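Accompanying notes for the structure given below.
No lab work stands behind these numbers, since they all come straight from the coordinates. What you are looking at is a predicted structure, and each value in this text was computed from that prediction instead of being measured. No Cβ is skipped: glycine too gets one built from the backbone with ideal geometry, and neighbour counts run over all protein chains shown.
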Amino acid sequence: GRSDHGQMDMTRARMRLSLQEHLWAFFSERVAIPAEEQAVARRAALDICSELRVFLHAKLPDMPLREMYLSGSLYDDLQVVTADHAQLMVPMILEKNLWSSVPGEDTIMNMPGFWLVRRENLEYFPRGSSYWDRCMVGGYLSPKSVLEVFEKLVAGTINWPAIGSVLDYVIRPVVPSETLTLEVQYETDRRLYVDFLPLLMMEDGVSLIAKPHRLAADRHENLWRQSFRVAETARLRALDQEDGGCRCACLKLAKAVCKLNPALGSLSASQLTNTLLLLSEREGDWTQEALADRFISLLRALVGHLEAGVLPCALNPKANLFCELTPLEVDELGYTLYCALSDPESLLRT
Ligand code: GDP
């Protein structure tokens, strides 16, 4: 009857309140990284970046690069649990008249969110006219080949033990790695992974990164990945700033949950950020008091997208951010999150 309902609502309200409390406690105990730890990690990354700049200028003065810079969640206050990774962006300069970008949906692969970079005017500017022709495969600039050039340099030519001993770090290239990664041990028990990320800034503001398609197949080898990270992170932050919202806190909680639960490890920051952006279009209340409710909304939204097998990118709805998950992964993620809906606290017991 009526009073049963009232009872249920009370219990539910109490559960909600306690989930809210648990989320904030989890946030301060597990998710947030002490400022000092972040500072030391940033320092180590910067030291490496400076060394590499010096090395590349000296060793390869002809290589057309803009200045390398560090980026990623460590620099946006979005890293969680441990300060253990950063990206070293390596912007490559392409001659405008020699290279053009072709959106993935206009190719036989039909892959929105990915691009091909085609060599133009080969008859007037033969092979060798562009420095990056050495990374051309079948008429296209191959991100795989670009990564191999850097890999040879970074893993083969640079004397990391010597540089490491000067900086007082232990530095070694991680082999094998799908991208190119340096492991920097900067204290006995602290490690930082720095990913090399070659980057193309195309004419129309499109930025492309040399990060291989997760389901490595030969036909994907020439695909450059469009990066939306800067824009999507800025949009989430701007929304929070407008209404004092808890979207970034919610993102960090979800990232930590995924980092700490092996069953959820394949969900990326970008997938979580985009789910939050799409949710923000439907859901108005992002006050700090609504954190637990919005955390549940986020789980529910993820389950929905996984059931559909599609997560549209908020900045380019044609791109499906789940396209690199296998059907089995989609099922397993969906199942884990679906179970978590009835017991969200289980996600915090790690
Ligand atoms: P986190 O690694 O989960 O903390 O999330 P980040 O927000 O730092 O995202 C890093 C991931 O995004 C890496 O896997 C990168 O390869 C990828 N990524 C895509 N575009 C960019 C970009 O423009 N900058 C950086 N730093 N990473 C990018």
Partner lysines whose C-alpha sits under 26 Å from that of Lys59, ignoring same-chain residues fewer than 8 away, are Lys96, Lys144, Lys152, Lys211
Long-range amide H partners of Val174, meaning residues 5 or more apart or on another chain whose placed amide H is closer than 5 Å, are Thr181, Leu182, Glu183
Residue-normalised 222 nm signal for the chain, counting each DSSP H run of n ≥ 4 as -39,500 (n - 2.57), nearest 500 deg cm²/dmol, is -13500 deg cm²/dmol
PRE zone check, label point 7 Å out along Cα-to-Cβ of Ala231, amide N under 12 Å, scope region 293-325, hits 313-319
In order over region 186-196: 3J(HN,Hα) from phi, Karplus 6.51/-1.76/1.60, θ = phi - 60°, whole Hz, x for each Gly or Pro, gives 9, 8, 3, 10, 10, 10, 10, 9, 10, 8, 7
Taking 316-326, 249-259 and ranking on average Cβ neighbours within 10 Å, highest first, one gets 249-259, 316-326
So, over other residues within a Cβ distance under 13 Å of Val137, counting Lys, Arg +1 and Asp, Glu -1, the net charge is +2
Summed over the other residues with a beta carbon less than 11 angstrom from that of Phe26, with K and R at +1 and D and E at -1, the charge totals 0
Cross-link reach from Lys318 to aspartates and glutamates, straight Cα distance under 15 Å and at least 8 residues apart if same chain, gives Glu105, Asp106
Once Tyr131 and Leu328 are pulled to full extension, the length gained, defined as 0.36 nm per residue separation minus their Cα-Cα distance, is 66.7 nm
Among beta bridges assigned by DSSP with both residues in the chain, the antiparallel ones amount in percent, to the nearest 5, to 80 percent
Taking a crude spin-label model, label points 7 Å out from Cα along the C-beta direction, the Leu70 to Tyr193 distance in nm is 1.8 nm
Row for region 86-225, column shape: gyration tensor on C-alpha, a ≥ b ≥ c, rounded if a/c < 1.5 i.e. under 1.5, prolate if a/b over b/c, else oblate; value prolate
Phi-derived 3J(HN,Hα) across region 114-125 with the Karplus relation (6.51, -1.76, 1.60, θ = phi - 60°), rounded Hz, x for Gly and Pro, is 10, 9, 9, 10, 9, 6, 10, 6, 4, 5, 8, 10
For the chain, the dipole about the Cα centre with charges only on Cβ (Lys and Arg +1, Asp and Glu -1), to the nearest 20 debye, works out at 280 debye
With R₀ set to 35 angstrom, the calculated FRET efficiency between the beta-carbons of Ala39 and Ile108, to the nearest 0.05, is 0.10
Any helix of the chain counts here only if DSSP assigns it H throughout, its Cα atoms span 30 Å or more along the axis, and its mean Kyte-Doolittle hydropathy is at least 0.0, and such helices are 35-59
Sorted by chain and then number, the residues having a modelled amide H within less than 5 Å of the amide H of Lys211, at least 5 places away or on another chain, are Arg225
By the C-alpha gyration tensor axes a ≥ b ≥ c (rounded if a/c is under 1.5, else prolate when a/b exceeds b/c, else oblate), the shape of region 1-160 is oblate
